[in-house]
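Below is one structure, written out as structure tokens; the observations come after it.
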Amino acid sequence: MEIRPLNENDDRYAISNIYEESWKYAYKGIIPFSYLEEISRGRWVKILESPGFYSLIMLDGDKPIGTLCYCHSRYEDMANYGEIVSIYFLPEYTGKGFGGLLMDAGIKALAKAGYKDVYLWALEKNVIAKDFYEKYGFYKSGEVLYINIGGKDLKEIQYIYNIKKSPL
């Protein structure tokens, strides 16, 4: 397995496919089925080029199997924080220990950028993701967001990670 930054030669559709397949797998029963089924091929291609957003990819040989996106906080009240925007894997690669390796790489990149603290958001009903974040060392901040996806109101929980306390 190799983890590296997304580069100009990487197939954006292959990376977008990781998001697409992961959403359909991880959010089944959380986000309306009709919304998940309508996710189009290449939906995340343009987002991968968003200024200020950085993507890491995990490769199994030449095949992209996971991705993590990070940035400077998108929220003014968290201006001194780095943000993990997303971490996704192709479904057949979940639960195999690769998430911790990709998260390590993301945390190291944010530490190198000078951040001492990181946050992320997780859907309240995404128990698997919340368990992963908590085992990794993230803790609930007490902040919540309410969003609507596919006509369904959902609650997101904010998690914080202290890089300065990290053994990385």
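The values are calculated or read from the model by the stated rules, or taken from the named source; none is laboratory data. This one's a predicted model, so the numbers in the text were calculated from it and none came from an experiment. Every residue, glycine as well, gets a Cβ built from its backbone with ideal geometry; the counts of neighbours run over all protein chains shown. For accessibility, only protein heavy atoms count, side chains too; no ligands or nucleic acids. Shrake-Rupley method; radii C 1.70, N 1.55, O 1.52, S 1.80 Å.
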Q. If you scan segment 146-158, which residues turn out to be surrounded by 12 or more Cβ atoms within 10 Å (Cβ to Cβ) and either within 18 Å of S22 (Cβ to Cβ) or modelled with pLDDT under 95 (or both)?
A. I149, G150, L154, E156
Q | Matching residues, segment 120-154, being touching a Ser or Thr at 6+ places or on another chain (Cβ under 9 Å), hydrophobic (A, V, I, L, M, F, W, C) and not in a strand (DSSP E or B) | A | I128
Q.
If E134 meets every condition in (1) acidic (D, E); (2) closer than 18 Å to P5 by Cβ; (3) loosely packed, with under 15 Cβ neighbours inside 10 Å; (4) at pLDDT 95 or above apart from one, which number is that one?
A. (2)
Q: Go through Y81, Y88, Y13, Y70 for me and flag whichever is at pLDDT 95 or above, of a type outside the set (V, I, T) and open to solvent by 80 Å² or more (accessible area, probe 1.4 Å).
A: Y13
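Please determine whether any residue of segment 25-39 is surrounded by fewer than 19 Cβ atoms within 10 Å (Cβ to Cβ) and closer than 26 Å to N9 by Cα. Step through it out loud before you land on a result.
Quick first cut of segment 25-39, residues surrounded by fewer than 19 Cβ atoms within 10 Å (Cβ to Cβ) only: 25, 28-30, 32-35, 37-39.
So of that shortlist, the ones also closer than 26 Å to N9 by Cα come out as 39.
There is at least one residue in segment 25-39 that is surrounded by fewer than 19 Cβ atoms within 10 Å (Cβ to Cβ) and closer than 26 Å to N9 by Cα.
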**Q.** segment 2-28, residues that are in contact (Cβ under 8 Å) with a residue 40 or more places away in the chain and in a loop (DSSP other than H, G, I, E, B)
**A.** L6, D10, D11, Y27
